[in-house]
Amino acid sequence: MDKAILLESVSKKYDVGSSSLKVIEDLTFDVNKNEFVCVVGPSGCGKTTLLRIVAGLEPPSSGRVLVFGRPPDPKIQRFGVIFQEDSLLPWRTVLGNVEFGLEIQNYQEAERERVAKTFLELVGLQGFENYYPHQISGGMKKRVAIARALAIDPDLILMDEPFADLDAQTRSLMQRELLKIWSKLNKTVLFITHNVEEAVFLAQRVVVLTKRPSRVKQIIDIDLPYPRARLSPPFISYRERILTAFHEELEGI
Amino acid sequence: MNVVSMRKLYSRLQSLLFASASVIVFFILWELAASYLQSPYFPDPYSVLKAFITIITVGDIDGYTLAWHTLMSLERVLLGFAVGSATGVPIGLLLGIKPTLKNAVTPIIEPIRFIPPIAWIPLSIVLLIGMYRYVFLIWVGVFFPVLLDTIAGVKRTSITLIQMARTFGADNKNIITKIIFPSSLPEIMNGLRVGLGVGWMCIVAAEMIGGEPVGLGRLILKYANLLQIDTVIVGMITIGLVGLAMNYFILFLEKRMFRWRVEIRA
Ligand SMILES: Nc1ncnc2c1ncn2[C@@H]1O[C@H](COP(=O)(O)OP(=O)(O)OP(=O)(O)O)[C@@H](O)[C@H]1O
Ligand SMILES: [Mg+2]
């Protein structure tokens, strides 16, 4: 069992009123330890649902999900989840928010503050420790959430379109920082994005999902060394290949 | 001084002016009504002022001063309030978290909520003694606003925040103490403020049945029996002013506590 994530014929349907909505159907793929995998797919296809299943927040309707060889359970395993929507505690300062996960994981108080400050620096937010979430921008909030998730030293990082609200410069900075962290700390990353270029820049493998109910449409290995040059011909040809698959799915929407 | 703070000062002065104008108008109307009615049971502001001074300096017919009456009433109400919040908040959290339990007890709680404290007087005379009577009657006033606002606060907790906590491995205790409770705190504080106000308004009813001849409610009842309405009004005004002060005190606390909230400015 040396897979970080194993999904076997996973299906998920939601019952809304009397009807039921099939969101994921017979989805199978896996993620190796220390691998960086991006998932791209059209809006509403079930990417967030997939992430919630992998994080152990919801069981699949059928199929098998294993994370490091066991059904996912955040009480036993360390997950760093970055939600698509705002997930900061509005009553805590930026520093208090980053300390939250460390508190749950029972770090000592002094250690909490030290670790939290290190990660705030990493995401470029030193000096904002005492701000409340309503006093910082949307992109800064995202970075606080990233610092909070990374601070607990997770074995698996699950990111749901984390850089979508960032401006181009910060986004590209954060992408490079994430790759650095990933290669330095030997993390497994499952990264969800709308942005095909982002996927090609970051991932070792890109999983393209079909429209709802989502299945795997295509898995593409990105065989390029890091750091990647966005304007190099092989980068562009990977991007075009994925975009083509992606657009085929968009047409039916 | 810059322009902004000048403007602030100006608008402060203006609202102060309006406020004092309305107080003056109120006293003029009162005076007019009193001189029109010419009734021994409708005192004018001046005789109420005289009664005020007498009660403050000399005391009432039993020798208790106004400060003493106020302190005794405050003690009773704060005790009832303490019991009311110590029951209302935890039960509210529990019912908010467990909707099935809430649905189960709603048919009991809802009708009881509409029984006014005065209606409880006979039962509490039969069942309770001494301080318990006061505390119970005030509890009746405090408990329900605290309970209902706490439940409302729990309901408004963001699901995303709870799930976020779960992904960090939080157990139910963590989720209640670190997410649900702080997230509901603004509603809880509001419930406490309303509950304290309602509890304070129950003081006359509570002191109707307490034995001791001291307390603001008691003062009113004593002088009502003597048909000395000026002193009755002294008691009423004191109850009103103390209630107002408590309300502002909690509002002030709320402002200090909830600086994390985005201020809504009209
Ligand atoms: N709790 C739920 N109950 C009912 N339906 C749900 C629930 N959660 C998600 N869905 C439905 O599942 C589908 C997929 O939702 P999901 O959030 O996974 O999409 P997504 O791929 O993340 O979309 P986006 O890219 O826009 O974030 C949607 O049609 C949504 O309405
Ligand atoms: Mg989503």
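The values are calculated or read from the model by the stated rules, or taken from the named source; none is laboratory data. What you see is a predicted model; the values in this text were computed from it and never measured. Cβ placement follows ideal geometry from the backbone for every residue including glycine, while neighbour counts extend to all protein chains displayed. The area values use the complete protein model at the heavy-atom level, side chains included, leaving out ligands, DNA and RNA. Shrake-Rupley method; radii C 1.70, N 1.55, O 1.52, S 1.80 Å.
What the table shows:
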quantity	calculated
Strands (runs of 3 or more DSSP E) enclosed by segment A:28-93 - at least 1 residues per element that are within 14 Å of ligand 2 (Cβ to nearest atom)	A:36-40, A:79-82
Which listed residue, of B:218, B:166, is open to solvent by 50 Å² or more (accessible area, probe 1.4 Å) and within 11 Å of chain A (Cβ to nearest Cβ)	B:166
Every residue from segment A:105-136 that is touching a residue at least 40 places away in the same chain (Cβ under 8 Å) and within 14 Å of chain B (Cβ to nearest Cβ)	A:105, A:132, A:133, A:134, A:136
Condition met for residue B:211 (open to solvent by less than 10 Å² (accessible area, probe 1.4 Å), at pLDDT below 95 and away from chain A (no Cβ under 14 Å))	no
Residue count, segment A:32-57 (criterion: open to solvent by 30 Å² or more (accessible area, probe 1.4 Å) and near ligand 1 (Cβ under 8 Å from one of its atoms))	4
Unmet requirement for residue B:150, which otherwise passes all of (1) hydroxyl-bearing (Ser, Thr, Tyr); (2) open to solvent by 60 Å² or more (accessible area, probe 1.4 Å); (3) farther than 22 Å from residue B:231 by Cβ	(2)
Single match in B:27, B:18 (criterion: open to solvent by 100 Å² or more (accessible area, probe 1.4 Å), assigned to a helix (DSSP H, G or I) and not basic (Lys, Arg))	B:18
Any hit, segment B:99-106, residues being without any contact (Cβ under 8 Å) to a residue 60 or more places away in the chain, within 30 Å of residue A:71 (Cα to Cα) and more than 14 Å from chain A (Cβ to nearest Cβ)	yes
Qualifying position, being of a type in the set (Asp, Glu), touching a residue at least 24 places away in the same chain (Cβ under 8 Å) and within 24 Å of residue A:122 (Cβ to Cβ), among A:198, A:249	A:198
Residue pairs meeting the criteria (Cβ under 7 Å; at least 6 apart or on separate chains; first touching a residue at least 40 places away in the same chain (Cβ under 8 Å), in segment A:42-56; second in a helix (DSSP H, G or I) and more than 7 Å from ligand 1 (Cβ to nearest atom))	A:42/A:249; A:42/A:250; A:55/B:167
Selected residue [touching a Phe, Trp or Tyr at 6+ places or on another chain (Cβ under 7 Å) and under 20 Å from residue A:198 (Cα atoms)] from A:40, A:23	A:40
Sole exception among (1) surrounded by 14 or more Cβ atoms within 10 Å (Cβ to Cβ); (2) in contact (Cβ under 8 Å) with a residue 24 or more places away in the chain for residue B:41, by number	(1)
Which listed residue, of B:188, B:229, B:176, is away from chain A (no Cβ under 14 Å) and in contact (Cβ under 8 Å) with a residue 24 or more places away in the chain	B:229
Filter pass, residue A:15 being under 27 Å from residue A:138 (Cβ atoms), at pLDDT below 95, open to solvent by 30 Å² or more (accessible area, probe 1.4 Å) and more than 13 Å from ligand 2 (Cβ to nearest atom)	no
Residue selected from segment A:78-93 under the condition more than 7 Å from chain B (Cβ to nearest Cβ) and under 15 Å from residue B:260 (Cβ atoms), by the criterion least open to solvent (accessible area, probe 1.4 Å)	A:88
Identity of the residue in segment A:18-31, near ligand 1 (Cβ under 9 Å from one of its atoms) and open to solvent by less than 50 Å² (accessible area, probe 1.4 Å), that ends up farthest from residue A:44 (Cα to Cα)	A:24
Every residue from segment B:123-147 that is open to solvent by 70 Å² or more (accessible area, probe 1.4 Å) and under 11 Å from residue B:206 (Cα atoms)	B:125, B:132
Sole exception among (1) within 13 Å of chain B (Cβ to nearest Cβ); (2) out of contact with any Ser or Thr (no Cβ under 7 Å at 6 or more places or on another chain); (3) within 16 Å of ligand 2 (Cβ to nearest atom) for residue A:96, by number	(3)
Residue in segment A:8-17 that is nearest to the chain's Cα centre (by Cα), counting only those that are more than 25 Å from residue A:162 (Cβ to Cβ) and within 13 Å of ligand 1 (Cβ to nearest atom)	A:11
From A:175, A:218, residue being in a strand (DSSP E or B), of a type outside the set (A, V, I, L, M, F, W, C), away from ligand 2 (no atom under 16 Å from the Cβ) and more than 14 Å from chain B (Cβ to nearest Cβ)	A:218
Residue match in segment A:95-112 (condition: surrounded by 21 or more Cβ atoms within 10 Å (Cβ to Cβ) and not in a helix (DSSP H, G or I))	no
Residue in segment A:155-202 that is nearest to residue A:141 (Cα to Cα), counting only those that are among the hydroxyl-bearing types (Ser, Thr, Tyr) and surrounded by fewer than 16 Cβ atoms within 10 Å (Cβ to Cβ)	A:172
First in segment B:51-78 and within 19 Å of residue B:247 (Cα to Cα), second anywhere and outside any helix (DSSP H, G or I) and open to solvent by less than 60 Å² (accessible area, probe 1.4 Å), Cβ under 6 Å, 6 or more apart	B:72/B:214; B:72/B:215; B:73/B:215
Near pairs, Cβ below 6 angstrom, 6+ apart or cross-chain, from segment A:207-222 (at pLDDT 95 or above) to any residue that is assigned to a loop (DSSP other than H, G, I, E, B) and surrounded by fewer than 17 Cβ atoms within 10 Å (Cβ to Cβ)	none
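Here is a yes/no grid of residues against (1) within 14 Å of chain B (Cβ to nearest Cβ); (2) in contact with a His (Cβ under 8 Å, 6 or more places away or on another chain):
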| site | (1), (2) |
| --- | --- |
| A:140 | no, no |
| A:144 | yes, no |
| A:147 | yes, no |
| A:155 | yes, no |
| A:159 | yes, no |
| A:164 | no, yes |
| A:168 | no, no |
| A:171 | no, no |
